[in-house]
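Data block below; observations after.
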Amino acid sequence: MEKATLRAEYLYYIATYGTTPGASGCMAEKALRGQRIDAFYAIRMADTWTPSYDLSTPVKVAVFTRTTEEQIDRTIQRIAAREHNRKMTPRTPAILTEWFAEPIYNTWVRKTSHLHVEESCIGCGLCERKCPVQAIKMEEKRPVWVKERCVMCLGCLHRCPKFAIQYDGRTQKHGQYTNPHVKL
């Protein structure tokens, strides 16, 4: 977003989230260097941070997604009406994110040393091809993460056809999740 120059009569920002969108709206506006966002929206979806959240059954996924379709429809209506608002709901104050959450995440959570590949890996390279920040390189048919680039989105873990990518020992029992409306 920092490199984007957007020209629009109506500029809106949508965050999808599992537990909280945090201060992503504030961070987005900051990244746009003064370009004003007219409206902020947040849509709750499954929290794919499976080191903490269990998505191993449809019932457990439904805890997060029971209102998702309604929220999407309501957001579409609000955008069509070009509603304006100055903050996302729910949200975390930016100061909490900048001073506490982000430093903790970057210091302890966002470490590629937490990731490992099990023997069930078939070396297909899907993780490398689908990584949104190109943080995975295949070496000897196994994924290797580029620490500086990885944002720990866990997309590789969730997309792996053999569920061979794991984060410490906590993700195996919590399952994988991909949006059923998205084709990989």
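The values are calculated or read from the model by the stated rules, or taken from the named source; none is laboratory data. Source: prediction; values computed, not measured. Methodologically, a virtual Cβ is constructed for each residue, glycine included, from the backbone with ideal geometry; neighbour enumeration extends over all protein chains shown. We work out accessible area using only protein heavy atoms, side chains counted, and drop any ligands, DNA or RNA first. Shrake-Rupley method; radii C 1.70, N 1.55, O 1.52, S 1.80 Å.
For this structure, a couple of remarks:
- The range 1-27, subset hydrophobic (A, V, I, L, M, F, W, C) and under 14 Å from the mean Cα position of the chain (by Cα), residue most open to solvent (accessible area, probe 1.4 Å): I14
- Within the range 24-54, being within 26 Å of E69 (Cβ to Cβ) and among the hydrophobic types (A, V, I, L, M, F, W, C) holds for A28, I37, A39, F40, A42, I43, M45, A46, W49.
- Residue match in the range 12-21 (condition: under 18 Å from I76 (Cβ atoms), assigned to a strand (DSSP E or B) and without any contact (Cβ under 8 Å) to a residue 60 or more places away in the chain): yes
- Members of the range 118-173 found to be of a type in the set (K, R), in contact (Cβ under 8 Å) with a residue 60 or more places away in the chain and assigned to a loop (DSSP other than H, G, I, E, B), listed by number: R170
- Residues of the range 1-31 classified as more than 24 Å from G155 (Cβ to Cβ), of a type in the set (A, V, I, L, M, F, W, C) and in contact with an Asp or Glu (Cβ under 8 Å, 6 or more places away or on another chain), total: 1
- Close contacts from the range 68-80, counting a first residue that is farther than 10 Å from Y41 by Cβ and a second that is modelled with pLDDT under 95, with Cβ to Cβ under 6 Å and a gap of 6+ residues or different chains, come to T68/M45.
- Cβ separations smaller than 6 Å between residues 6+ apart or across chains give the following pairs from the range 23-44 residues that are assigned to a loop (DSSP other than H, G, I, E, B) to residues that are surrounded by 18 or more Cβ atoms within 10 Å (Cβ to Cβ) and charged (D, E, K, R): I37/E29.
- Tally, over the range 130-148, of residues that are within 19 Å of T48 (Cβ to Cβ) and open to solvent by 30 Å² or more (accessible area, probe 1.4 Å): 4
- In the range 45-59, the qualifying residues are those that are touching a residue at least 12 places away in the same chain (Cβ under 8 Å) and out of contact with any Leu (no Cβ under 9 Å at 6 or more places or on another chain), and the one that is least open to solvent (accessible area, probe 1.4 Å) is L55.
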